[in-house]
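In what follows, a single structure is set out as structure tokens and then discussed.
The values are calculated or read from the model by the stated rules, or taken from the named source; none is laboratory data. This structure is a prediction, so every number in the text was calculated from the model and none was measured. Positions of Cβ are backbone-derived with ideal geometry, glycine not excepted, and every protein chain shown enters the neighbour counts.
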Amino acid sequence: MSDTREKILLTALRLFAQGGYEAVSTSMIAGELGMTKGALYKHYKNKQDILDSIMARMVEIDQELSKEHGIPIESYENAPATYQSVSAQEDLEFTKKYFRFWTQDEFGKNFRRMLTIEQFRNPQAKEMYGMIMGNGLFEYMTNMYREWMKEGVVKESNPQLLALEFCGIFQFLINLSDTSSDINQLENLLHTHLERSMQEHLIEGANNE
């Protein structure tokens, strides 16, 4: 991606995160960059094309982060075997990395804020929000807890309740990051909770590496 195309994408995302997609025009995006609308249209066909590119970028980032930590990309129904190979420690490290992405990475922060606004009026944004911050995350963690129980790594319990606890705290701390002046403190709280949760739910002596 060219530097200009990248600047347009990131500037548009920042503006969408501030006022929502509908409130931002291509003229506003071009004006922020000191270029004409004609120059912008050389890189993107229209505003929807910019949004589509932002969405595609997020899918790429999600897949890259998942692959980096050995996290399944496909749904449990389509590839259950891939969930069996994920250790609790790998999932913990992935969670830490994703928290930093959503709270400290400029693309991550702005994308999350844009989705929070757009999920109520844009079907594309609603689906994406559900996949990465809603039902998708809840179902993933439910399936992971279920697999760890089968493997004798996690103590028998209700996997949905464990997933609910995880998602609730994860999402709450992310939301706090938008009004907190100390993101590191929130990150430390997450790490402390994750470590305590592992100690509480993992079976002592089980292989979770």
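Annotation: Thr82 fulfils all but one of (1) under 21 Å from Asn135 (Cβ atoms); (2) not in a helix (DSSP H, G or I); the unmet one is (2).
Restricting attention to the range 160-209, the residues being within 19 Å of Trp148 (Cα to Cα), hydroxyl-bearing (Ser, Thr, Tyr) and touching a residue at least 60 places away in the same chain (Cβ under 8 Å) number 0. For Ser66, the conditions (1) at pLDDT below 95; (2) under 17 Å from His191 (Cβ atoms) all hold with the exception of (2). Number of residues in the range 150-166 that are farther than 12 Å from Glu200 by Cα, small (Gly, Ala, Ser) and more than 21 Å from the chain's Cα centre (by Cα) equals 1. Scanning the range 140-182 for residues that are of a type in the set (Ser, Thr, Tyr) and within 21 Å of Ser87 (Cβ to Cβ) gives Tyr140, Thr142, Tyr145, Ser157. The residues on offer are Lys37, Lys109, Lys45, and the sole one that is crowded, with 18+ Cβ neighbours inside 10 Å and among the basic types (Lys, Arg) is Lys109.
Within the range 69-121, being without any contact (Cβ under 8 Å) to a residue 24 or more places away in the chain and touching a Gly at 6+ places or on another chain (Cβ under 6 Å) holds for one residue alone: Glu90. Here is the figure for the range 32-58: residues that are within 29 Å of Thr103 (Cβ to Cβ) and in contact with a Lys or Arg (Cβ under 9 Å, 6 or more places away or on another chain) total 4.
If you check Phe101 against the conditions, is it outside any helix (DSSP H, G or I), at negative phi and out of contact with any Cys (no Cβ under 8 Å at 6 or more places or on another chain)?
Answer is no for this residue.
For Ala56, are the conditions met, namely being outside any loop (DSSP other than H, G, I, E, B) and at pLDDT below 90? Considered against the rule, which asks whether it is outside any loop (DSSP other than H, G, I, E, B) and at pLDDT below 90, Ala56 comes out as no. When Ser157 is tested against (1) buried (at least 17 other Cβ atoms within 10 Å of the Cβ); (2) assigned to a loop (DSSP other than H, G, I, E, B), exactly one condition is not met: (1).
Across the range 19-53, the number of residues qualifying as assigned to a loop (DSSP other than H, G, I, E, B) and either among the aromatic types (Phe, Trp, Tyr) or without any contact (Cβ under 8 Å) to a residue 40 or more places away in the chain (or both) comes to 11.
Each row is one residue, and each column tells you yes or no for (1) surrounded by 15 or more Cβ atoms within 10 Å (Cβ to Cβ); (2) aromatic (Phe, Trp, Tyr); (3) outside any helix (DSSP H, G or I).
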| residue | (1), (2), (3) |
| --- | --- |
| Leu162 | yes, no, no |
| Phe166 | yes, yes, no |
| Thr179 | no, no, yes |
| Glu195 | no, no, no |
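Considering only the range 1-18, state which residues are of a type outside the set (S, T, N, Q) and in contact (Cβ under 8 Å) with a residue 12 or more places away in the chain. Give the steps one after another, and end with the answer.
Taking the range 1-18 and keeping what is of a type outside the set (S, T, N, Q), we get 1, 3, 5-10, 12-17.
Within the range 1-18, Arg5, Lys7, Ile8, Leu9, Leu10, Ala12, Leu13, Arg14, Leu15, Phe16, Ala17 qualify.
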